[in-house]
Protein chains: 4
Amino acid sequence: KRLRELGVKIGVMPTGKRNAITDVGGVKVGQTTLIAGDSVRTGATVILPHGGNVFQQKVPAAIELGNGFGKLIGYSQVAELGNLETPIVLTNTLNVSTAAAALVDWTLTQKGNENVRSVNPIVGETNDSYLNDIRGRHVKQTDIIQALQTAVAGNVEEGNVGAGTGTVCFGWKGGIGTSSRKLPAALGGYTVGVLVQTNFGGVLEVAGVPVGVELGKYSFKETLDRSGDGSCMIVVATDAPLDARNLKRLAKRTLLGLGKTGGIMANGSGDYVIAFSTAYTVPHDSNSKFEEQKLLRNDDTSPLFLAVIEATEEAILNSLFMAKTTKGYQGHTVEALPVPKVVDILKKYGKIK
Amino acid sequence: KRLRELGVKIGVMPTGKRNAITDVGGVKVGQTTLIAGDSVRTGATVILPHGGNVFQQKVPAAIELGNGFGKLIGYSQVAELGNLETPIVLTNTLNVSTAAAALVDWTLTQKGNENVRSVNPIVGETNDSYLNDIRGRHVKQTDIIQALQTAVAGNVEEGNVGAGTGTVCFGWKGGIGTSSRKLPAALGGYTVGVLVQTNFGGVLEVAGVPVGVELGKYSFKETLDRSGDGSCMIVVATDAPLDARNLKRLAKRTLLGLGKTGGIMANGSGDYVIAFSTAYTVPHDSNSKFEEQKLLRNDDTSPLFLAVIEATEEAILNSLFMAKTTKGYQGHTVEALPVPKVVDILKKYGKIK
Amino acid sequence: KRLRELGVKIGVMPTGKRNAITDVGGVKVGQTTLIAGDSVRTGATVILPHGGNVFQQKVPAAIELGNGFGKLIGYSQVAELGNLETPIVLTNTLNVSTAAAALVDWTLTQKGNENVRSVNPIVGETNDSYLNDIRGRHVKQTDIIQALQTAVAGNVEEGNVGAGTGTVCFGWKGGIGTSSRKLPAALGGYTVGVLVQTNFGGVLEVAGVPVGVELGKYSFKETLDRSGDGSCMIVVATDAPLDARNLKRLAKRTLLGLGKTGGIMANGSGDYVIAFSTAYTVPHDSNSKFEEQKLLRNDDTSPLFLAVIEATEEAILNSLFMAKTTKGYQGHTVEALPVPKVVDILKKYGKIK
Amino acid sequence: KRLRELGVKIGVMPTGKRNAITDVGGVKVGQTTLIAGDSVRTGATVILPHGGNVFQQKVPAAIELGNGFGKLIGYSQVAELGNLETPIVLTNTLNVSTAAAALVDWTLTQKGNENVRSVNPIVGETNDSYLNDIRGRHVKQTDIIQALQTAVAGNVEEGNVGAGTGTVCFGWKGGIGTSSRKLPAALGGYTVGVLVQTNFGGVLEVAGVPVGVELGKYSFKETLDRSGDGSCMIVVATDAPLDARNLKRLAKRTLLGLGKTGGIMANGSGDYVIAFSTAYTVPHDSNSKFEEQKLLRNDDTSPLFLAVIEATEEAILNSLFMAKTTKGYQGHTVEALPVPKVVDILKKYGKIK
């Protein structure tokens, strides 16, 4: 069950209809899950900002480097030009080049892109090598293409799925999670959606309750192991009319949501945030020398900041609550979060009645 | 009382002896509090990285821009050269140039600095204009000098003092707060200390408990007011041997601690983190062309990251728990956090037995 | 004489009418020159983006840190919000806080700003301590105010004037210089203006001719002296409709113009670029939640980049050609560039017929 | 012939023995040139910082984003950790993922890397689509591996070779170029080497002489075409003991050298600088918690800055002077720089006697 189905609310803002990144109109998510034999536990998750040709109709975007110990592809062009021109793919660390090649191929072969000779693919990753035979690089270009082709706008599967198939979070099975917030009309009425791929450590808190400590499992409990390591990929979508500068600010706030779950952005963690707006597009070619934009003023961005913090926290927790115990590479097993015990702890701390 | 005296622990790491930034050997804090008539509620807080001539013996340092809507002075030289050459002064928004002039004057007149012709003063601020007649610019250079001259290495006063005299946090009286963590020997045994000047908004949480919601006071509760605005200055000291790059990473993690108190880095917030190490100094003049440094490896920084998150969260909470109700400019009154009520809430949520 | 009056053209783009930053409509420049006794050789130069209330009608802006070993005030807020809210002041290193205090005072007391309680002054500097008794901090707030009040839109005085009164460049007397470019209509017809305060070293080239080598005066000729040190402040104005992101890109290109004069951004150099657009303003208060902007597309920015490189190179050279031999602090004398000799060199290299 | 063989010196610093990046001890360069049929004009150039296992013995490094409109892979981890863990590969825009996959594969299969499960490949590119059938993605992983395996420490081939096979610079055939500087002993005696892949536009200058204007071929001569577009990849090696912070500063200075050739970092240009030091290595695994480093002081970096500016300018010019007229994709022909005419122009301007 998702966290909210257990009766736990995160924050003070209402969610969107599905409490998912797909609450932002036009956004689609596709996932390919690869489970095979004893050792393949990996996959890919793709996020499409809209249903059209993303290269021809780019979207304003920004990438925040929370902790850059990761292999994200596509940073500099987004920083320079302020937009995205491909969907976003999440996968495992050693398959980012596979995914990038697939994104390029997919873009080159789309209708209308016959003359495209330069593409900036966006690929993020976390390292699933504890459960997955990562050196085998089992994600193939066809797996990425399939995720792109089957992406839909409805509910998003969470837990052990897609790029989250083999990930580990706070010592428990992590994976894909999502959440959203819809601002009240008085605050603009915008929707902010978040999707995460969780694979990091720290001292788990659920809605402020010290679940990691209560369960006796947290980073640096006794020694300097690497239990804090891992990574978190965070994708943010919004229909608020923000340009790249304010999208970067929005992206940065997600790190506070990560902090609220007990994440610490450990040295070994690749923590990246990719944020885009669906409020307008930037055409690749134009008869005009100008872009005309109606952008939200700086002064009116703060409610979005609160919303994205809440949605990030809840998306991370959903990834944990929806994941299942998994056995994989070299016989390693990672347990799912023991939800009944966690429910008891949440009751003890007054979070569930 | 400080939060810990109420029986509430933040995090899993032990504190230093005083649970203060001054637990880092050599660090001194000085404060000038200005309360006069109906309208003057301001002051200055200074942090000295060591007791010697800071210009001649600079300390490695970094500044993280959490949200740059503020007037911090001194950023670029620290970013370029990786060190600090003056103490750090915190004061109010419209007195930063006063404080900078005082720091320059103080540096020029120190013994050994007779030929110094360039100084990079470090001054941070928050805006205390609700309680203080900020346009009157009541902080004078002599007030800054006094804080520098009276700085000591012992306990640090918290609450309505120094640069925190007139600040407001989560709708309650904020101010100066401090905390520290001392890593277990197995994790390196280093100390990390944090001092904050709190003047920001959001949805207050105390040790994960939704105190802001329970008290019915939080940002954007009903409308888009500016209640989330304000700022937070965070100063971090450590005796771990880090260079500027890893100090910047350490500084960035404090924002997660700020997030755990419910802060959102609102648009109007100037959130800055200044971090320095006392493990070695960088001489202004040297007979050698080289600096020889023994630096902590990247792989061993993560426990420091957890420590600084915890210390930041606790320092912010201490600033609230130690502050007193204050009446000031134009008859405005800001209530202290109603500690007995908060204690009840913390009991309800199982945080105090 | 200015360089162009000697028959030397820089680059391929036409200049504006005055070949000055004031070719950008609305931009005003004011200067206070302080020459007194044996030791005072300093001053201030101010640039106003428009004739109105800059705080109430902010201008889009960006600051590039070429080499951050300097004391520029105001960086972070410009980076965060993308605009300027005061004029820009240039002065000497130890008077930046004086200038900032004056800018704050001037802003607070302007009509319409009665309730302003937060101001982000923008102050740059170079170090004129070889010719000026810099430790005396001879620039007073009244000097800054005077420069602001007497600023005009016409021709700009160059050489030993304002903030350039005591500066040294490539071993010769530097100072204030300016230049502009006006794009052909087919390239948009926009104007780009540059004003510089030159105080740096390297290996002087004039229109590509190795003047420094021919004159036998350049950095590191024999030893590791500090002859490459010093700083360059660069202010860029344009009427092209750029937002902060593209203004930052424009600002960055000026460094290539600095490089073409033989500048090297030495370790000790504080090289900063402040760029703003006059094409639209950002109101401090607004009834709307939105800004509506018609911005130049990324694809059409390149001619502006070429223009700003040329204007920067020429502005720096103008500062040298217009400066006069100066005697100052402790009897130090800095010679003006020996123009007749330079003309001979330029003839030898085919640059002047 | 290389520029210097024509009797033209760039700058005032002496070159290294080969005037090539391989003058930095241990650095190797390998190139695969792909010329096939009418349409394949591409390849790869690799730079190895040392002859050992680069993953196990990383080198301090930094990447500067001159203009980020490009597809460089590997930025964020270098920025975060301050080191490189693979060789650097340069290739064409649509083959970066191929190159990254090859680098990962090569790293995973090296002796000693049997347990490596995370690799940060560094790949840069420029767009050779005018002469090369770039959509065909003709560079294969085996081509990259071959370049890695055949890399040598001696002379470096320049012009139409490796990643420069199909590139265009200032409207003429560009390609690979290299140069170096060796500081006099009094300035430290360090070597700085630069290798470039040139594919950009602007207004060509050779040793300060306006060759582009004299030849009547330069960007924006008449209209807003895209002639300024394209990219420049710059790789810098040095044996000076610099950490990542000072390597970043060194990297940034190369842009001034690019400017001196007439480059403008046009909107469409992906201009990246990758700098590393061979003075020490950072072991992947260590028994110690510390790195002990003897680093050059900030104050002593300026001569390196001058050196790298000169070497970059000369490397770019070498790429032009060494390139040959090339016919390729769709019958497009790009002429080599007409060296005899250029020599005449250089004579006219007194640069060649």
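The values are calculated or read from the model by the stated rules, or taken from the named source; none is laboratory data. Please read these numbers as outputs of a predicted model, since none were measured by experiment. Reconstructed Cβ throughout: ideal geometry from the backbone, glycine too, with neighbour counts over all protein chains shown. Surface areas here come from the heavy atoms of the whole protein model, side chains and all, with no ligands, DNA or RNA. Shrake-Rupley method; radii C 1.70, N 1.55, O 1.52, S 1.80 Å.
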Query - Radius of gyration, Dmax [the protein assembly as shown; alpha carbons; angstrom] - result: 29.8, 92
Report summary line: Per GNM of chain A with C-alpha springs under 10 angstrom, the most fluctuating residue out of A:102, A:251, A:36 is A:36
Query raised in the report: Using Cα atoms only, what is the angle between the long axis of helix A:244-260 and the major principal axis of chain A, expressed in degrees (0 to 90) to the nearest 10?
Result: 10 degrees
Query raised in the report: Rounded to the nearest 10 Å², what accessible area does residue C:114 show when all protein chains are kept and the probe is 1.4 Å?
Result: 100 Å²
Requested in this report: Describe numerically, in nm with one decimal, the distance between label points set 7 Å from Cα along Cα→Cβ at residue D:344 and at residue D:53.
Outcome: 5.9 nm
Query raised in the report: In the protein assembly as shown, what % of DSSP beta bridges are antiparallel (nearest 5)?
Result: 80 percent
Report summary line: region A:138-280: antiparallel bridges as % of DSSP beta bridges, rounded to 5, reads 75 percent
Report summary line: Scoring region C:256-352 by relative contact order with C-alpha pairs under 8 Å, at least six apart, yields a percentage of 27 percent
Report summary line: Nearest 10, in degrees from 0 to 90: the angle of helix D:302-321 to the longest Cα principal axis of chain D is 50 degrees
Report summary line: What a careful reader reports for the chain A Cβ nearest the rotation axis onto chain D, distance rounded to whole angstrom, is A:97, 2
Query raised in the report: Expressed as an acute angle from 0 to 90° and rounded to the nearest 10, what is the orientation of the C-alpha long axis of helix D:339-348 relative to the principal long axis of chain D?
Result: 80 degrees
Requested in this report: At a probe radius of 1.4 Å, figure out the A/D buried accessible area, summed over both chains, and give it in Å² to the nearest 100.
Outcome: 3100 Å²
Query raised in the report: Over the heavy atoms of residue A:348, what accessible area does a 1.4 Å probe trace out, to the nearest 10 Å²?
Result: 120 Å²
Query - the protein assembly as shown, accessible area per residue, ligands and nucleic acids excluded (1.4 Å, Å²) - result: 29 Å²
Report task. Select from D:170, D:305, D:276 the residue whose mean-square fluctuation is largest in a Gaussian network model of chain D (Cα-Cα springs shorter than 10 Å). Result -> D:305
Report summary line: For chain A, the accessible surface attributable to carbon and sulfur atoms (probe 1.4 angstrom, ligands and nucleic acids excluded) amounts in percent to 49 percent
Query raised in the report: Over region C:311-353, what is the relative contact order in whole percent, taking alpha-carbon pairs under 8 Å and six or more residues apart?
Result: 25 percent
**Report entry** Heavy atoms of residue D:337: accessible area, 1.4 Å probe, square angstrom to 10
**Finding:** 10 Å²
Requested in this report: Name the residue, out of B:115, B:298, B:132, whose mean-square fluctuation peaks in a Gaussian network model built on chain B with Cα pairs under 10 Å.
Outcome: B:115
Query raised in the report: How high is the relative contact order of region D:176-325, in percent, counting Cα pairs under 8 Å that sit 6 or more residues apart?
Result: 36 percent
Report task. Between copies, how far apart are the residue A:154 label points? List them in nm, one decimal, shortest first, with each point 7 Å from Cα toward Cβ, please? Result -> 6.7, 7.0, 7.5
Query raised in the report: Quick one: if the Förster radius is 30 Å, what FRET efficiency do residue D:152 and residue D:333 give, using the C-beta to C-beta distance and rounding to 0.05?
Result: 0.40
**Report entry** Shortest-first distances to equivalent copies, position residue B:186, nm, label 7 Å out along Cβ
**Finding:** 5.2, 5.8, 7.4
Query raised in the report: When N counts the residues of region A:30-116, how does its alpha-carbon radius of gyration compare numerically with 2.2 N^0.38 Å, as a ratio?
Result: 1.20
Requested in this report: For n ≥ 4 DSSP H runs only, could you compute -39500 (n - 2.57) per run for the protein assembly as shown, divide by its residues and tell me the 222 nm figure to the nearest 500?
Outcome: -7000 deg cm²/dmol
Report task. Quick one: order A:167, D:142 from most to least accessible surface, probe 1.4 Å. Result -> D:142, A:167
Report summary line: In short, region D:134-183 residues buried by 20 Å² or more of accessible area relative to the isolated chain (1.4 Å probe) are D:135, D:137
